[in-house]
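Visitor: Handing you a structure now.
The values are calculated or read from the model by the stated rules, or taken from the named source; none is laboratory data. Since we're looking at a predicted model, the values are computed, not measured. Cβ placement follows ideal geometry from the backbone for every residue including glycine, while neighbour counts extend to all protein chains displayed. Quick note on the areas: whole protein, heavy atoms, side chains included, nothing else; ligands and nucleic acids left out. Shrake-Rupley method; radii C 1.70, N 1.55, O 1.52, S 1.80 Å.
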Amino acid sequence: MAAAAVAAVPGTLGTLQVGRARLVAACCARLRPGWRLPGSLTGPRVTPAIWARAWAPAVGGSAPRRGYSSEVKTEDELRVRYLEEENRGIVVLGINRAYAKNSFSKNLIKMLSKAVDALKSDKKVRTIIVRSEVPGIFCAANLPVPTIAAIDGLALGGGLELALACDIRVAASSAKMGLVETKLAIIPGGGGTQRLPRAIGMSLAKELIFSARVLDGQEAKAVGLISHVLEQNQEGDAAYRKALDLAREFLPQGPVAMRVAKLAINQGMEVDLVTGLAIEEACYAQTIPTKDRLEGLLAFKEKRSPRYKGE
């Protein structure tokens, strides 16, 4: 039922349906220029909205040199590297403020924001890992592509809040993480009070914030704060290496499908199931006319690996 038609439904039900249709339309407006709502939600073409930002923090020892191209940015505080060879499509954001234990400065935030804006529009980027290049320290966006936080050291306060903004979090067993702001008579102010309850549940999130408790990797895994926990290696980058393994798993999949799948999940989790299914339908419809979908079918028929171009 189109939004205009729903408006004719009397009473509270009509109001709710109108609101739902508008919400779905708003979500789909974020997909890409000229995309329409499918089926019964068909409407006028929508204009693009800016993808919301989420920064993907990460940590570890010095990164392996193999597969790195030249640095895109030369500033000391933030290094952006596009991986090559079998890792092509993976981008690593390296935070390097050893003298300040990777705490965020205005300059670093500005550089991160600029890097995120550039990466959002780069169709060659498939997955982003943001890591600390300061051994043992985890510092202290929504990007349309998958983001992975690799926690190899300390992730306290703002560092954990940045990790919570990522799609996936992995950590070494020796890592330490927590929202400890109440010890300083303040509260988490970078999304922690909102993202932590969504990640592990309200009651446990309150317990951790109220107590300012610090968890190690095994404890974080037990409460669902991270997806994977690894024994730390001699290089101090076990979580980063796991994040790289995960990113490699993502590389062969269709780029457009990955983006709209992330959008469908993120938007659907904020609404009721019926509206979420409508958002999913709208997102699914955007994959049908793509060249990648046809390439996927042809590759399956020819029993070969698909060659997706994000089109």
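Visitor: Restricting attention to segment 286-311, and to residues there that are in a helix (DSSP H, G or I) and within 22 Å of the chain's Cα centre (by Cα), which single residue is surrounded by the most Cβ atoms within 10 Å (Cβ to Cβ)?
Guide: In this case the residue turns out to be Q286.
Visitor: Follow-up. Provide a single number: the residues in segment 136-152 that are modelled with pLDDT under 90 and under 16 Å from L230 (Cβ atoms).
Guide: Of the residues in segment 136-152, 2 are modelled with pLDDT under 90 and under 16 Å from L230 (Cβ atoms).
Visitor: Are there any pairs with C-beta distances below 8 angstrom linking a residue in segment 268-285 that is among the aromatic types (F, W, Y) to a residue that is open to solvent by less than 100 Å² (accessible area, probe 1.4 Å), with the two at least 6 apart or on different chains, and if so which?
Guide: Pairs that qualify, where the first residue is among the aromatic types (F, W, Y) and the partner is open to solvent by less than 100 Å² (accessible area, probe 1.4 Å), are Y284/P38; Y284/V260; Y284/A264.
Visitor: To continue, here is another question. Suppose the filter is assigned to a loop (DSSP other than H, G, I, E, B), surrounded by fewer than 18 Cβ atoms within 10 Å (Cβ to Cβ) and either among the aromatic types (F, W, Y) or in contact with a strand residue (DSSP E or B) (Cβ under 8 Å, 6 or more places away or on another chain) (or both); does R248 pass it?
Guide: no
Visitor: Suppose we filter Y240, Y284 for residues that are among the hydroxyl-bearing types (S, T, Y) and closer than 27 Å to V130 by Cα; which single one remains?
Guide: After applying the criteria, what remains is Y240.
Visitor: All but one of (1) open to solvent by less than 20 Å² (accessible area, probe 1.4 Å); (2) more than 16 Å from the chain's Cα centre (by Cα); (3) under 30 Å from S173 (Cβ atoms) hold for R241; which doesn't?
Guide: (1)
Visitor: Could you list, in sequence order, all residues of segment 221-278 that are touching a helix residue (DSSP H, G or I) at 6+ places or on another chain (Cβ under 9 Å) and among the hydroxyl-bearing types (S, T, Y)?
Guide: S227, T275
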